[in-house]
1. Quick one: would you say residue 42 is in contact with a Pro (Cβ under 8 Å, 6 or more places away or on another chain) and in a loop (DSSP other than H, G, I, E, B)?
2. Condition (residue is at negative phi, out of contact with any His (no Cβ under 9 Å at 6 or more places or on another chain), β-branched (Val, Ile, Thr) and not in a helix (DSSP H, G or I)) applied to the stretch 191-204: is it met by at least one residue?
3. In the stretch 70-93, what count of residues is obtained for those that are under 20 Å from residue 8 (Cβ atoms) and either modelled with pLDDT under 95 or assigned to a helix (DSSP H, G or I) (or both)?
4. Restricting attention to the stretch 85-117, which residues are under 16 Å from the mean Cα position of the chain (by Cα), surrounded by 21 or more Cβ atoms within 10 Å (Cβ to Cβ) and in contact (Cβ under 8 Å) with a residue 40 or more places away in the chain?
5. What is the residue count in the stretch 145-178 for residues that are modelled with pLDDT of 95 or more, part of a loop (DSSP other than H, G, I, E, B) and out of contact with any Ser or Thr (no Cβ under 9 Å at 6 or more places or on another chain)?
6. What is the residue count in the stretch 1-34 for residues that are surrounded by fewer than 16 Cβ atoms within 10 Å (Cβ to Cβ) and part of a helix (DSSP H, G or I)?
Amino acid sequence: MSTIISPSMLSADFLNLGDDVKMVNKSQADWIHLDIMDGTFVPNLSYGLPIVEHIKKLATKTLDVHLMIVQPEKYIEAFHKAGADILTVHIEATTHLHRCIQQIKALGMKAGVALNPQTPINQLEDIIQDIDLVLIMSVNPGFGGQSFITHAVEKVRKLKQLIEQTHSDCLIEVDGGVNLETGQLLVEAGADALVAGSFVFNSQNPPSTIEKLSRLSSTSTVSTETD
């Protein structure tokens, strides 16, 4: 199975956002990743519900919405109405994680849980069978273009073991510093989906870059070609 690629629109050209969404539509990407930041949980602000609604009107791919906000339970219904297909909340951002997961699933969305770089995998033990996706942050959340935290590879391995031990069906997604080299390491460790922002949108040929990422597998050889 090819690797799921979810280009992060945080790195898109916001003066030509519609064109970038159409480019992703035509590419071999599977999802469109939308980072929602509140300036409190992370030290940055991004876009909110109106932008998600507008992207939904154009998008032909799954909307993979990542909430980097405190008290995400207050906004679950609003993001469902805006068009989210997958809604991921941070384990560090809510006191009642299981309730959040129930809310998301009750509205028909896929439910994801994100972990910051310092959060250990064992905190997922009581929730792993109830969720559809775990998002491993391989940078500190808040800004695009950061350097990859190499420990994320080992976290993916540990998460894969937990999934197998518990017979969970959830996918492993990784966000931060993803390129062909780090993507290869992550896929070999067990990642199912890769979020890539600046590596895609800053390349000379974003559709080609997306295609190369999608071809990564546990048995493939990393291309040395650059865009």
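The values are calculated or read from the model by the stated rules, or taken from the named source; none is laboratory data. Quick caveat, the model's predicted, so the values are computed rather than measured. Reconstructed Cβ throughout: ideal geometry from the backbone, glycine too, with neighbour counts over all protein chains shown.
1. Yes; evaluated as a whole, the condition is true for this residue.
2. No: the stretch 191-204 contains no residue that is at negative phi, out of contact with any His (no Cβ under 9 Å at 6 or more places or on another chain), β-branched (Val, Ile, Thr) and not in a helix (DSSP H, G or I).
3. Total meeting the criteria: 3.
4. Of everything in the stretch 85-117, those that are under 16 Å from the mean Cα position of the chain (by Cα), surrounded by 21 or more Cβ atoms within 10 Å (Cβ to Cβ) and in contact (Cβ under 8 Å) with a residue 40 or more places away in the chain turn out to be 86, 88, 90, 112, 114.
5. 4
6. 8
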